[in-house]
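S.K.: Please read through the structure below; I'll follow up with questions.
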Amino acid sequence: MSTEGGYPPGDGGLPVVGNTVELSRDILEFYEGLRNEYGRIASYRVFGTDACMVADPEAIRQILLEDHDAYEKGDVLTRSLGDAMGDGLFLSAGEQWHRQRTRMQPAFYRERLDTYVPAMRDTASQSLDDWHDEAVIEVNDAMTAMTIDVLGRTLFGVDVADEPVVTDASDAILARFDTNRFWSFLPDSVPTPTNRRYRREIERLREFVDGLADQRRRRPREERGDDLLSILVGFVESGDLTMSEFRDNLITFLFAGHETTALGLTYTVLCLARNPDEQERIRAEVDSVCDGSVTAADLPELEQTGRAIDEALRLYPPVYLFFRETARDVKLAGYRIPNGTTLVLSPWVVHRDSAWWDDPQTYRPDRFAGESDRPEYAYFPFGGGPRHCIGMRFARMEMKTVIASILRRYEFELVSDPDPELIASSNLKPAEDIEIRVSERASTTSN
Ligand code: HEM
């Protein structure tokens, strides 16, 4: 169908609500169906909002990289999350975003991240002490507890495991941003139970992060360390960051950094439990690289472990879609898309497209070995361009450290459904428990 210069083809759905009902029924199926029927750039409508799905790697590259300033984060996101983190790195725009990104980047340099590895390893090790021979572990819960603990210890120097306010608020934010629920498309101001809970928890969280700032400020500068919290407190003191930006960033990092990584770990464990040969291969790599406990110096050498994680993120990208909005009329892959159109970029759809991936449903880490002629944006679990995930390296290091720590001590097999139902809500989550039975290995030390 030639639509050169026109609006992308699609199905506007019912009057008023558009495609909202189909979308909230099964969002993954909806986007795949749209691609199959109308192509990799296709239009639809949600409650009067014009939207386009973009599942073409070249168009994604154009949006995220080449013409990134023609696109904003947009209304869909600010409407759901602006209240909690509108002045933070994830949602801010223009000069405000650029200033913050430049200031925070040093907390994510490789040398800085290397110093976080002992905390990542110790957190994993403490959790693994609770596992025992023949124990059945619910993987998602175990990984969530680890990642929130790691985030608290490394970036904020606090033990968040003892602070239910953080997990409560995180749950409330994620529920608010739950695209699987019909009501999540309603404006923030509508007093649904989810919105009321969200407001209450955000207020509690703001008080908590103010307390963290006060505690840190009372410490003499030379004793503050240089974690993200100290960096941000320093910028507030020098007038480079407002208190509102400070709060919104703490909330941003808590929100963006733990569930995503926990899901990445959960899906990697699922894939390795389903593929015992790959599990064994990676265990052999870990045994040959790690002498004693996992260190920062080991991580670059854990190449096959990295591929096992990359391939799990291909099949199950925790951020299965993300949004942009056109800031002016744009031309994209020959189509004309007007200013103010919502664009949905979907790693889920692109990562499972047989045009770029041979036998896309199969878990095969070796896809990531050596050169490939795939387009760059056929794989984008961490986004791309200037707004790519600032925590990407952090997440990869944490995932490698945790997976290597598990493999050193345990073998595991899947006892739950090998092909679990998924819920595409704020992130792509398993709808049911993912359970493994672990057997302790005889020959390794306990850390
Ligand atoms: C497997 C784990 C993770 C995945 C899959 C993931 C995915 C993503 C994606 C796709 C984006 C881009 C969103 C967009 O362009 O609209 C993003 C941005 C972001 N992520 Fe992550 N992320 C992960 C872990 C983390 C961690 C550990 C942190 C913090 C320590 C973090 C903090 C952020 C922040 C602050 C942004 C906004 C960056 C900006 O706009 O400048 N993420 N992430």
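S.K.: Which of the numbered conditions does Ile337 fail, given that it passes all the others? Conditions: (1) open to solvent by less than 40 Å² (accessible area, probe 1.4 Å); (2) within 12 Å of the ligand (Cβ to nearest atom); (3) within 25 Å of Asp67 (Cβ to Cβ).
M.R.: (2)
S.K.: I'm checking my understanding of the structure. Among residues of the range 84-125 that are polar (S, T, N, Q) and assigned to a helix (DSSP H, G or I), which one is farthest from Glu207 (Cα to Cα)?
M.R.: Ser125
S.K.: Next question. For the range 272-281, enumerate the residues that are of a type outside the set (Asp, Glu) and either touching a His at 6+ places or on another chain (Cβ under 9 Å) or surrounded by fewer than 24 Cβ atoms within 10 Å (Cβ to Cβ) (or both).
M.R.: Selection gives Ala273, Arg274, Asn275, Pro276, Gln279, Arg281.
S.K.: From the list Leu128, Leu81, pick out the single residue that is assigned to a helix (DSSP H, G or I), open to solvent by less than 20 Å² (accessible area, probe 1.4 Å) and farther than 22 Å from Ser244 by Cα.
M.R.: Of the residues listed, the single one that is assigned to a helix (DSSP H, G or I), open to solvent by less than 20 Å² (accessible area, probe 1.4 Å) and farther than 22 Å from Ser244 by Cα is Leu128.
S.K.: If you don't mind, another one. Any chance the range 30-40 includes a residue that's closer than 30 Å to Gly334 by Cβ, part of a strand (DSSP E or B) and either touching a residue at least 24 places away in the same chain (Cβ under 8 Å) or within 11 Å of the ligand (Cβ to nearest atom) (or both)?
M.R.: Checked the range 30-40: no residue is closer than 30 Å to Gly334 by Cβ, part of a strand (DSSP E or B) and either touching a residue at least 24 places away in the same chain (Cβ under 8 Å) or within 11 Å of the ligand (Cβ to nearest atom) (or both).
S.K.: Let me ask another. Step by step: first the residues of the range 222-233, then only those that are in a helix (DSSP H, G or I) and in contact (Cβ under 8 Å) with a residue 12 or more places away in the chain, then the one that is most open to solvent (accessible area, probe 1.4 Å). Which residue is that?
M.R.: Ile231
S.K.: For Ala424, only one of the following conditions fails: (1) more than 16 Å from the ligand (Cβ to nearest atom); (2) open to solvent by less than 10 Å² (accessible area, probe 1.4 Å). What is its number?
M.R.: (1)
S.K.: Suppose the filter is without any contact (Cβ under 8 Å) to a residue 60 or more places away in the chain, under 30 Å from Gln361 (Cβ atoms) and either surrounded by 21 or more Cβ atoms within 10 Å (Cβ to Cβ) or under 23 Å from the mean Cα position of the chain (by Cα) (or both); does Ala284 pass it?
M.R.: no
S.K.: Follow-up question, since we're still on this one. Read through the list (1) surrounded by 20 or more Cβ atoms within 10 Å (Cβ to Cβ); (2) of a type in the set (Lys, Arg); (3) within 14 Å of the ligand (Cβ to nearest atom); (4) at pLDDT 95 or above, then give the number of the only condition that Arg408 fails.
M.R.: It is condition (3) that Arg408 fails.
S.K.: If you don't mind, another one. For the range 183-207, how many residues meet the condition of being under 18 Å from Asp75 (Cβ atoms) and either out of contact with any helix residue (DSSP H, G or I) (no Cβ under 8 Å at 6 or more places or on another chain) or modelled with pLDDT under 75 (or both)?
M.R.: Qualifying residue count, the range 183-207: 8.
S.K.: Which numbered condition trips up Ala119, out of (1) within 19 Å of Ser426 (Cα to Cα); (2) at pLDDT 90 or above?
M.R.: Checking Ala119 against (1) within 19 Å of Ser426 (Cα to Cα); (2) at pLDDT 90 or above, the one that fails is (1).
S.K.: Checking the condition among the small types (Gly, Ala, Ser), open to solvent by less than 10 Å² (accessible area, probe 1.4 Å) and modelled with pLDDT of 95 or more, which residue from Ala308, Ala297 passes?
M.R.: Ala308 is the lone residue from the list that is among the small types (Gly, Ala, Ser), open to solvent by less than 10 Å² (accessible area, probe 1.4 Å) and modelled with pLDDT of 95 or more.
The values are calculated or read from the model by the stated rules, or taken from the named source; none is laboratory data. This structure is a prediction, so every number in the text was calculated from the model and none was measured. As a convention, Cβ positions derive from the backbone with ideal geometry for all residues, glycine included, and neighbour counts pool all protein chains shown. Ligands, DNA and RNA are stripped out before the accessible areas are found, and what is left, the full protein with its side chains, is counted by its heavy atoms. Shrake-Rupley method; radii C 1.70, N 1.55, O 1.52, S 1.80 Å.
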